[in-house]
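Notes follow once the structure below has been shown.
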Amino acid sequence: MSRSISRAHAALAVLLASTLLALATLLCTAPAAQADEISALSQKIASSLVGESETLSQRISTALTDGIASAKREAFVDESRAGDFYFAQNGSGRCTITSVAMMVRRAAYLDDNPDWASIGRSSVSADGWTSAGVKWSFETSGYEIGIIDVDGTTESLRDLLEEHPEGIAAYDPNVPHAVLLTDYDEESGTFYCADPANYKAGSRIPLADSWNGECRGGSQSAVVSGISRAWIIRK
């Protein structure tokens, strides 16, 4: 990809140089009456070509950024790497803080934090856990965590995941249980999650197969409608 980018920039440079050379030659040989007009035209073309070069550079930069982000997100669906990102809660009632911890670790991985693998239940619990449960707002590993009310619909959760590729710690208070909602498959219409429940933990699974799904009759739509709160990383 880098060779293609270099060739694209080189081609633009050659085009710009050759065009300006041609205009300069024309300017030197043109009658005085036409010189100002040719000069103005050369400035306009040069400005346009530079603008095109900048636009191409921006497009290339955006494509590279998107490509790198997409490649990093592939790690989240790689079963051989599930142990890097998904783990079990260490005690009853710890599903919420564990889901938040998985979320923060994924965010740190996406952000190229060299210490992402050291972020886990212990470090996040030290910042966000109290005898009453997860704090509604706290900071951990450089991220600001906050709780929000959620409209339990496919559209609202899908929008949240688009904004938060690291996932959201989705909570159904009537089960009660929290999971890390990780992604949505547009083709199949399936939500995926990492469930911290001990006998389901350690992998990315369909939301309908989570503990929430078992409690809601195995229906994804029922699980979605039961989600009314979520901890997110505030941007």
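One table, with the values for the structure above:
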| quantity | calculated |
| --- | --- |
| Residue match in segment 198-212 (condition: within 21 Å of Ala75 (Cβ to Cβ), of a type in the set (D, E, K, R) and in a loop (DSSP other than H, G, I, E, B)) | yes |
| From Trp136, Trp116, residue being at pLDDT 95 or above and touching a helix residue (DSSP H, G or I) at 6+ places or on another chain (Cβ under 9 Å) | Trp116 |
| Segment 88-119, residues that are among the basic types (Lys, Arg) and part of a loop (DSSP other than H, G, I, E, B) | Arg94 |
| Some residue of segment 120-133 being part of a helix (DSSP H, G or I), among the acidic types (Asp, Glu) and surrounded by 13 or more Cβ atoms within 10 Å (Cβ to Cβ) | yes |
| Filter pass, Asp195 being in the same structural domain as Glu163 (by TED's automatic domain parsing), out of contact with any strand residue (DSSP E or B) (no Cβ under 8 Å at 6 or more places or on another chain), of a type in the set (D, E, K, R) and under 22 Å from Ser92 (Cβ atoms) | no |
| Test for Glu186: is it at pLDDT 95 or above and exposed (fewer than 14 other Cβ atoms within 10 Å of the Cβ) | yes |
| Qualifying residues in segment 141-178 (those that are part of a helix (DSSP H, G or I) and of a type outside the set (Ser, Thr, Tyr)) - the one surrounded by the most Cβ atoms within 10 Å (Cβ to Cβ) | Leu157 |
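Quick grid of which residues meet (1) under 21 Å from the mean Cα position of the chain (by Cα); (2) at pLDDT below 90; (3) surrounded by 14 or more Cβ atoms within 10 Å (Cβ to Cβ):
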site	(1), (2), (3)
Ser47	no, yes, no
Phe85	yes, no, yes
Gln89	no, no, yes
Arg94	no, no, yes
Val100	yes, no, yes
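The values are calculated or read from the model by the stated rules, or taken from the named source; none is laboratory data. Everything numeric here is computed off the predicted structure, so don't read it as measured data. Every residue, glycine among them, receives a Cβ derived from its backbone with ideal geometry; neighbour counts consider all protein chains shown.
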